[in-house]
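Chemist: What follows is a single structure, and I will ask about it in a moment.
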Amino acid sequence: MEELQHIHPEPTSFIRKWVFSTDHKVIARQFLWAGLLFLAFGGGLAMLIRWQWAYPGEPVPAVGSLLFSGSGGSITPANYNSIFTMHGLIMIFFAITPIMIGAFGNFCIPLMIGARDMAFPKLNMLSFWTFLLSQCLVLASFFVQLGSGAAGWTTYPPLSTNVGTPGLGQTLVVAAIFVTGVATIMGGLNYVTTVVRLRAPGMTYARMPATVWGLWLTAILNVLFVPVLGSAALLLLLDRQFGTQFYVAGSSAVRGGGDPILFQHLFWIFGHPEVYILILPPWGFVTDLVSFFARKPAYWFKGSIFAMSAVTILSAVVYGHHMFVTGMNPMLGQSFMTLTLIISVPAELLFLNWLHTIWKGSIRLTVPMLFALGTIFVFGLGGLTGLFLGTISTDLYLHDTMFVVGHFHLTMAAAAFLGSFAAIYFWFPKMFGRNMNQTLGKWHFWFSAVFITLVFCGQLAAGYAGHQRRLFDPYQYTFLQHLHPLNRWTSYFAFLLGIGQLPFVYNFFRSVFMGTKAEMNPWEIGTLEWTLPSPPVHHNFDTIPTVHRGPHEFANPEVKKALGRDWIGQAEELPKTEKAPAKPAAAAGAS
Amino acid sequence: MGEILPYRPPRAREEWTAYLGMVIFLASWAMMFGSLFFAYGMVRARSNEWPPADLPSLPLVVPAINSVVLVLSSAVLQLVLVALRRGKAQLAGPGLGLTAVLGMVFLGLQITTWRSLFDDGLTPQGGPYASVFYTLTCFHALHVLVGILALGWLCRGALAGRYSAARFLPVRLWTLYWHFVGVVWLAMFVTVYVV
């Protein structure tokens, strides 16, 4: 089997080993650091937005005099526009995407399918450095005249053309979106090919862990739909820099101009798959983790895979539900509504499978399991509120209110956020070879799960009361003034959510450098990465394993009888039951 | 217990992997060009007159010649591939060179088209009609340029005897790319110039 994949020689110089590395495990860690850094950045911006809605016009404590010196420490309307725009863009493209897809896509896929590296290691490295360039563009946009992008994360024209946001900042941000899109395509191309070509012998598609399924389906969506965003951004750049007329309309246009709605079409053709790009990996993590920590096989695993694939396909044909109020033909609107609501069927199936997996399991409430359960909870809330937005009659009322903000934060932000942390706590021992502190992890979980739910439910309530999104000072409107206490409480919860991340920061840094050494298989589960030392060696597998069974082989009485434990490795041979256990329990699948 | 795999030499496996990577890349890029065509269709559907009466109309003869040139170059490249497969590696160098030259002819004719239209007053800033024309053709030309550079590099390799019946993967991959660029051009020729 060694013939199947080359063993690349391990680099020896510092630069090739840690900086320009082609090793997927090093690239995964690079993505993780870059993503976490921007997660903190985007989170800081969120705190500023919440301050503005709790105490509009009042100086921001501690950082206000530093950041907004021109206005006596309070947030100006122009600053505010940049803050909420960049909060959204940074979180989606430069924090959640690199953590979930960049870090865990890179780390998990080769290890879990039994490959020595990605299919195209150099392209993988290029993907990270291209991504880093896009992050630099984002950072640079804060330091130019007129500030960073301010047209909302959706960058709708005409606001995002030179008419609405004339500064260089918006151009840099649009360029950053384009560049990060290129990086994502390179990554996605790699993941899709790797899963198709480099699975270990016996690792059939049905035996792949759900994590790999989620990441693979995400990669397919990325490869097909990020280019659509790329061309939307490209045309916007041309409009801004070369005076073309794709999106400009009205009095500022030449010869009638183009059509701003065009951008909305292109953006949401990409944008709706993007929602599932951000949720499919957590779905995969959760499907695996609930089985791993309920010590039970995943309930109807093939059904879960089917549901995830169905959602992947459906996600490509529902984008119109973002545009119900843009003057769409009602017939078309109805079709989009029907397709949108159909998505809830496979999503529900997935949900029931998770619950069935947990049902009567011997649950181990480890930190990753807690985060997985939290993900299920917030995603459930997000999914249910989505029904009101997918239905035209209710969407007409709720469109562009805080209800939308609450809904998509529960799905894309809360579920992706908790799902990412589940993955971080789960794979940390394998990634860094050290253990994280579980007590601090539990503190982090309860702070995160409770307050993230309260924050976004507060937003749902405000939106239901008619609070539009993105308002600089909502209380200028008399009909919103009574929401001030609600918003203030929501902000307090948001600040507590922010404070609740400090245990993680401390825990992460301390564990990376000073944590106790991790064992090979601390969670006692059977997927391939846990048959390797922590952290794995450069080429992962000395011998490419032969896989005999699926990833969730728990509580099998035969295994219990033969090996004396409730799990068996995917590549482990089951000794004949007549004989006494042939091998000690620790030799999981290594041969 | 594990299924028995037929033995394949590692190189054949890796070549398959690279080939799949190229196909996925081109699928991705097809979505990119598809979006540009979508933008064109929508802008055109929303405009009152297409083309505007006072702007120069697009030429037909030169782009038609260009289509022939690109189809011809694709055919030559495919023949190079056939020759390599049959072990006639000595034909690869000249064939690749000829393809690159045809690509350059295409680009040269395209530049003259842009120049004459620009001189007649069709500038990229002149409204959606001009925007569509320049964006689509320039974006495509950029891909032709990348193809020419690659073909030049392949040609050098072929003349140095680097490719044979046993190893010609780069030629195979860039052939796929070149065909893709040609197909995009034909779609562009029909929708932008003819209709």
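The values are calculated or read from the model by the stated rules, or taken from the named source; none is laboratory data. Computed from a predicted model, the values in this text were never measured in an experiment. As a convention, Cβ positions derive from the backbone with ideal geometry for all residues, glycine included, and neighbour counts pool all protein chains shown.
Chemist: Just to check your reading of the model, which residue among A:THR194, A:THR218, A:THR184, A:THR211 is within 12 Å of chain B (Cβ to nearest Cβ), of a type outside the set (Lys, Arg), in a helix (DSSP H, G or I) and more than 18 Å from B:PHE33 (Cα to Cα)?
Modeler: Of A:THR194, A:THR218, A:THR184, A:THR211, the one residue that is within 12 Å of chain B (Cβ to nearest Cβ), of a type outside the set (Lys, Arg), in a helix (DSSP H, G or I) and more than 18 Å from B:PHE33 (Cα to Cα) is A:THR194.
Chemist: I would also like to ask the following. Going by the structure shown, is A:GLY70 without any contact (Cβ under 8 Å) to a residue 40 or more places away in the chain and assigned to a helix (DSSP H, G or I)?
Modeler: For A:GLY70, the condition - without any contact (Cβ under 8 Å) to a residue 40 or more places away in the chain and assigned to a helix (DSSP H, G or I) - is met.
Chemist: Somewhere in the range A:229-245, is a residue within 21 Å of the chain's Cα centre (by Cα) and either of a type in the set (Val, Ile, Thr) or in a loop (DSSP other than H, G, I, E, B) (or both)?
Modeler: Within the range A:229-245 (the criterion being within 21 Å of the chain's Cα centre (by Cα) and either of a type in the set (Val, Ile, Thr) or in a loop (DSSP other than H, G, I, E, B) (or both)), the answer is no, since none of the residues qualifies.
Chemist: Here is a further query. Return the residue satisfying two criteria in turn: it lies in the range A:235-253 and is more than 7 Å from chain B (Cβ to nearest Cβ) and surrounded by 24 or more Cβ atoms within 10 Å (Cβ to Cβ), and of such residues it is farthest from A:ARG116 (Cα to Cα).
Modeler: Among residues in the range A:235-253 that are more than 7 Å from chain B (Cβ to nearest Cβ) and surrounded by 24 or more Cβ atoms within 10 Å (Cβ to Cβ), the one farthest from A:ARG116 (Cα to Cα) is A:VAL248.
Chemist: Next up: Being buried (at least 16 other Cβ atoms within 10 Å of the Cβ), under 16 Å from the mean Cα position of the chain (by Cα) and away from chain A (no Cβ under 14 Å) is the filter here; which residues of the range B:110-153 pass it?
Modeler: B:GLN110, B:ALA141, B:VAL144, B:GLY147, B:ILE148, B:ALA150, B:LEU151, B:GLY152 - these are the residues of the range B:110-153 that are buried (at least 16 other Cβ atoms within 10 Å of the Cβ), under 16 Å from the mean Cα position of the chain (by Cα) and away from chain A (no Cβ under 14 Å).
Chemist: Anything in the range B:53-91 that is under 19 Å from the mean Cα position of the chain (by Cα) and either in contact (Cβ under 8 Å) with a residue 60 or more places away in the chain or in a loop (DSSP other than H, G, I, E, B) (or both)? List them, or say none.
Modeler: Matches in the range B:53-91: B:PRO63, B:ALA64, B:ASN66, B:SER67, B:LEU70, B:VAL71, B:SER73, B:SER74, B:LEU77, B:GLN78, B:VAL80, B:LEU81.
Chemist: Then there is this: Please go through the range B:131-148 and give me each residue that is more than 14 Å from B:PHE189 (Cα to Cα) and of a type in the set (A, V, I, L, M), ordered by number.
Modeler: Selection gives B:LEU142, B:VAL144, B:LEU145, B:VAL146, B:ILE148.
Chemist: Being touching a residue at least 12 places away in the same chain (Cβ under 8 Å) and among the charged types (D, E, K, R) is true for just one of A:ARG16, A:ARG50. Which residue is that?
Modeler: The match here is A:ARG50.
Chemist: Here's another thing I want to ask about it. Kindly indicate the residue of the range A:541-587 that is of a type in the set (S, T, N, Q) and touching a Pro at 6+ places or on another chain (Cβ under 9 Å) and also modelled with the lowest pLDDT among those meeting that condition.
Modeler: A:ASN556
Chemist: Would you point out which residue out of A:PHE479, A:PHE495, A:PHE541 is closer than 30 Å to A:GLN570 by Cα and either touching a residue at least 12 places away in the same chain (Cβ under 8 Å) or among the charged types (D, E, K, R) (or both)?
Modeler: Just one listed residue meets the conditions, A:PHE541.
Chemist: Let me ask another. Across the range A:345-396, what is the number of residues that are within 22 Å of A:PRO281 (Cα to Cα), in a loop (DSSP other than H, G, I, E, B) and among the hydroxyl-bearing types (Ser, Thr, Tyr)?
Modeler: Summing the residues that are within 22 Å of A:PRO281 (Cα to Cα), in a loop (DSSP other than H, G, I, E, B) and among the hydroxyl-bearing types (Ser, Thr, Tyr) in the range A:345-396 gives 1.
Chemist: Can you find a residue that is more than 14 Å from chain A (Cβ to nearest Cβ), at pLDDT below 95, at negative phi and touching a strand residue (DSSP E or B) at 6+ places or on another chain (Cβ under 9 Å) anywhere in the range B:77-88?
Modeler: Yes, the range B:77-88 has at least one match.
Chemist: Among what's in the range A:495-547 and is surrounded by 20 or more Cβ atoms within 10 Å (Cβ to Cβ) and aliphatic (A, V, I, L, M), pick the residue that is nearest to A:ALA115 (Cα to Cα).
Modeler: Within the range A:495-547, the match that is nearest to A:ALA115 (Cα to Cα) is A:ILE544.
Chemist: Residues in the range A:397-420 that are surrounded by fewer than 24 Cβ atoms within 10 Å (Cβ to Cβ), assigned to a helix (DSSP H, G or I) and touching a strand residue (DSSP E or B) at 6+ places or on another chain (Cβ under 8 Å): how many?
Modeler: Matching residues across the range A:397-420 total 0.
Chemist: Right, B:SER116: within 26 Å of A:ILE185 (Cα to Cα) and not aliphatic (A, V, I, L, M) or not?
Modeler: Against the criterion (within 26 Å of A:ILE185 (Cα to Cα) and not aliphatic (A, V, I, L, M)), B:SER116 does not qualify.
Chemist: Give the residues of the range B:34-47 that are under 14 Å from B:PHE139 (Cβ atoms), in contact (Cβ under 8 Å) with a residue 40 or more places away in the chain and within 8 Å of chain A (Cβ to nearest Cβ), sorted by residue number.
Modeler: Within the range B:34-47, B:LEU36, B:ALA39 meet the criteria.
Chemist: If you don't mind, another one. Taking the range A:254-281 as the search range and keeping residues that are within 10 Å of chain B (Cβ to nearest Cβ) and of a type outside the set (A, V, I, L, M), which one is farthest from A:THR211 (Cα to Cα)?
Modeler: Top of the filtered list is A:ARG255.
Chemist: What do you reckon, is B:VAL68 out of contact with any Leu (no Cβ under 7 Å at 6 or more places or on another chain), more than 14 Å from chain A (Cβ to nearest Cβ) and within 16 Å of B:PHE189 (Cβ to Cβ)?
Modeler: Considered against the rule, which asks whether it is out of contact with any Leu (no Cβ under 7 Å at 6 or more places or on another chain), more than 14 Å from chain A (Cβ to nearest Cβ) and within 16 Å of B:PHE189 (Cβ to Cβ), B:VAL68 comes out as yes.
Chemist: Check off (1) at pLDDT below 95; (2) part of a helix (DSSP H, G or I) for A:MET47 and give me the number that stays unchecked.
Modeler: For A:MET47, the failing item is (1).
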